[in-house]
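Take a look at the structure set out below.
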Amino acid sequence: MKLKLAILPGDGIGPEIIDQAMKVVKVVAAKFNHELEYEFALTGACAIDELGAPYPDSTHELCMNADAVLFGAIGDPKYDNNPKAPVRPEQGLLLMRKKLGLYANIRPVVTFPSLLHKSPLRRELIEGADFVAIRELTGGIYFGEKGRKDNGNTAFDVCEYTRMEVERILKLGYEYAMKRNKKLTVVDKANVLESSRLWREVAQEMAPTYPEVTTEYMFVDNAAMQIIQWPKNFDVMVTENMFGDILTDEASVITGSLGLSPSASIGIHTSVFEPIHGSYPQAAGKNIANPVATILSAAMMFEYAFNLMEEGAIIRKAVDASLDAKVVTVDISTEKPYSTSEVGDWIAEWVAKN
Ligand code: IPM
Ligand code: MN
């Protein structure tokens, strides 16, 4: 099969972790006889510095013509404490989501048996926890009208959803639930927000068309609590953009390290695969960042963008083996930490040999 990829390393540790993921992608492609074609492009702060825009047209062109996009991370501290910066790296991410139509962000929350001790939660709470959070990614308050009035002294951000947007993401949620344990939790704030009431209305209309799936409705504040109190309660969770942003960060730490969590953003034009952690500028260039989340994002890419399940599975096995062998970066083990590139090499070699 021909695999045409756009590679966007981004800022901070982005280039280092993407290097490791690409080592693994190349080995997998060779092993399974796929023809790999890929090209790099700039996004984020580095794109602002070089081309004056965080998601340049040339980068968008490349993504539009690719079967899948592998993305590192963006963000640079020089923009963080400057609310008046005219252009920010994060705008690149939002623009990419909108222009590629990346409407669904899928974040699996799974525990690794060898890392249960790293979780902030007690072992018995998380052992066997396994759920998928699906976040709507191109609507809601992120993309609604925003502005100032009253001479700049009042600010607003509108949260708006259309029926089509809600149906589209719920459909994806139901399809997931059908393939998993047949439970869908719709997270909203329907006791307060009109947009949430539309979500709930649409979900109630759709639920009977998926009779095998149990639909559960949960307010977002309660969901935030349930994620740490009883994570095993969840199978597939679907929610709107900002609730999903917050809940998925919360969910990602219960598994032990932010450095292990991958994500897929499913789009209309193409799909993007990226670690859920940020650009970690303090670690940039030091060869210490954990490349596993990006390597697992590459596994998701094989599975979701190309339906190549065996290819994804061997990457997952290699990652499990690396964790079991304690070939891990300093965020996992301070005793005998391996470097970013050593972990990448080890996983790529494991794939080649097995
Ligand atoms: C994420 C990030 C982004 C978001 C930021 C960087 C704009 O936190 O991907 O979750 O809020 O969506
Ligand atoms: Mn976030």
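Nothing in this text is a laboratory measurement; each read-out follows from the coordinates by a stated rule. Note that the structure is predicted; figures quoted are calculated from it, not measured. Methodologically, a virtual Cβ is constructed for each residue, glycine included, from the backbone with ideal geometry; neighbour enumeration extends over all protein chains shown.
Of the peptides 19-25, 324-330, the order by per-residue mean of other Cβ atoms within 10 Å, starting with the highest, comes out as 19-25, 324-330. Distance between the C-alpha centres of segment 143-163 and segment 322-344: 45 Å, rounded to the whole angstrom.
For segment 35-121, a crude dipole built from +1 on the beta carbon of Lys and Arg and -1 on the beta carbon of Asp and Glu, taken about the Cα centre, is about 640 debye to the nearest 20. Neighbours of Thr59 by Cβ distance under 12 Å: Lys/Arg scored +1, Asp/Glu scored -1, total -3. Screening the chain for DSSP H helices whose Cα atoms reach 15 Å or more along their own axis and whose mean Kyte hydropathy is at least -1.0 gives 14-31, 89-100, 163-179, 241-253, 292-306, 309-324, 340-353. When the chain is treated as a Gaussian network with alpha carbon springs shorter than 10 Å, the biggest mean-square fluctuation among Ala298, Ala318, Ala207 belongs to Ala207. Look at the dipole of the chain built from charges on Cβ: of Gly259, Ser333, Pro15, the Cα furthest out on the positive end belongs to Ser333. Given +1 at the Cβ of Lys and Arg, -1 at the Cβ of Asp and Glu and no other charges, the dipole of the chain around its Cα centre is 340 debye to the nearest 20.
About its Cα centre, the dipole of segment 120-254 is roughly 180 debye, where the only charges are +1 on Lys and Arg Cβ and -1 on Asp and Glu Cβ.
Place a point 7 Å from the Cα of Ala155 along the Cα-to-Cβ direction; which residues of segment 60-99 have their backbone N under 20 Å from it? Answer for this model: 75-95. Spatially, segment 167-239 and segment 72-100 are offset by 30 Å when compared through their Cα centroids. Label zone (Lys183, point 7 Å along Cα-to-C-beta; backbone nitrogen cut-off 11 Å) within segment 224-246: 230-237.
Taking 30 Å as the limit for the C-alpha separation, the pairs Lys23/Lys171; Lys99/Lys146; Lys31/Lys326 exceed it in the case of Lys23/Lys171. Between the residues Ala298, Ile268, Ala313, the greatest Cα displacement towards the positive end of the dipole of the chain, with unit charges on the Cβ of Lys, Arg, Asp and Glu, is found for Ala313.
Taking 7 Å steps out from each Cα toward its Cβ at Phe219 and Arg197 produces label points 1.5 nm apart. Out of every Cα-Cα pair in the chain, what percent are more than 26 Å apart? Percent of Cα pairs beyond 26 Å in the chain: 51. Loop-located trypsin sites (Lys or Arg not before Pro) across segment 122-193 with a Cβ neighbour count of 11 or fewer within 10 Å are Arg122, with loop assigned by DSSP. Projected label points at His117 and Glu335, each 7 Å from Cα along the beta carbon direction, are separated by 0.6 nanometres. Computed over neighbours whose Cβ is under 13 Å from that of Tyr103, the net charge equals +2, Lys and Arg +1, Asp and Glu -1.
Between Val87 and Asn354, the simple spin-label model (points 7 angstrom out along Cα→Cβ) gives 4.4 nm.
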